[in-house]
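See below for the structure under consideration.
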Amino acid sequence: MSSTARLPEDLDQICDLYAETVDWHAEKWPADFRKVDVRGSVREDLSQTDGDSGLRLLVAEADGGRLAGLVSGSVRPPQAIAPYDVPVMQVNDLVVSASYRRRGIGAMLIGQLEQVAHQEGAVAITLQVHSQNETAGSSYQQQGFRPVQIEMRKDVTP
């Protein structure tokens, strides 16, 4: 079951989830992700978040109140050019702890965020996934997402 994150009560577990996913990405794709301790920046960012920020942070609870995962997103207001000329829910992060993956928690969290998006007037939901993360990409496509654009990257520092 998912619910809105309780801050500051859930903050330590949220920081742990982010740290775990950063480490996992850095191990899988070291050319694209650095292994850094994100707990401090996550704590600072979420400590400054209030109910009016537009950030929606949903968590999935597992055994004994332990957090199994989270999804965060916010509705982008319409912009001047298509396809951004309508309100869109942008998924910032989807994180599921390794010990809870492949149990439908990510799909459930995305589904809950879709409901929030609809309630807030968004007509679509978007997210980014690493080009080599085939498992996540396949899961998103099974949930009805489709590739729309490609993000390119070039490192400019040696």
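The values are calculated or read from the model by the stated rules, or taken from the named source; none is laboratory data. Computed from a prediction, not measured in an experiment: that's the story for all the values here. Cβ placement follows ideal geometry from the backbone for every residue including glycine, while neighbour counts extend to all protein chains displayed. When the accessible area is computed, the model is the full protein with side chains, heavy atoms only, and any ligands, DNA or RNA have been set aside. Shrake-Rupley method; radii C 1.70, N 1.55, O 1.52, S 1.80 Å.
Put +1 on the Cβ of each Lys and Arg and -1 on the Cβ of each Asp and Glu in the chain; which of THR21, HIS118, GLN142 then has its Cα farthest toward the positive end of the dipole?
GLN142
Calculate, for the chain, the solvent-accessible area per residue in square angstrom, rolling a 1.4 angstrom probe over the heavy atoms of the protein chains.
For the chain, the per-residue accessible area is 65 Å².
Looking only at region 30-48, which residues have a backbone nitrogen under 18 Å from a spot 7 Å from the Cα of THR157 in the C-beta direction?
30-38, 41
At a 1.4 Å probe, what is the % contribution of carbon and sulfur to the accessible area of region 9-158?
C and S fraction of accessible area: 49 percent.
For the chain, build the charge dipole from Cβ charges (+1 Lys, Arg; -1 Asp, Glu) around the Cα centre, then report which of SER41, PRO78, SER131 sits farthest towards its positive end.
With unit charges placed on the Cβ atoms, the residue in question is SER131.
Got a sec? Which residues in region 122-143 would a label at GLN79 touch, if it sits 7 Å along Cα→Cβ and we count backbone N under 16 Å?
Only 123-128 fall inside the zone, counting backbone N under 16 Å.
Can you compute the modelled spin-label distance between TRP24 and SER41, with each label point 7 Å from Cα toward Cβ, in nm?
1.9 nm
Charges only on Cβ, +1 for Lys and Arg, -1 for Asp and Glu: so what's the dipole of region 104-158 about the Cα centre, in debye to the nearest 20?
For this selection, approximately 120 debye.
Highest first, please rank the peptides 138-144, 28-34 by the mean number of other Cβ atoms sitting within 10 Å of their residues. Present the calculation step by step, with values, prior to reporting the outcome.
Details: 138-144: 13.1, 28-34: 11.4.
Descending packing order for the listed peptides: 138-144, 28-34.
Considering only protein heavy atoms, what is the solvent-accessible area of THR157 at a probe of 1.4 Å, reported in Å² to the nearest 10?
The accessible area comes out at roughly 110 Å².
Name the long-range amide H neighbours of GLY69: under 5 Å, sequence gap of 5 or more, or other chain; modelled H, no Pro or chain starts.
For GLY69, whose amide H was placed from the backbone, the distant partners under 5 Å are ALA60, SER97.
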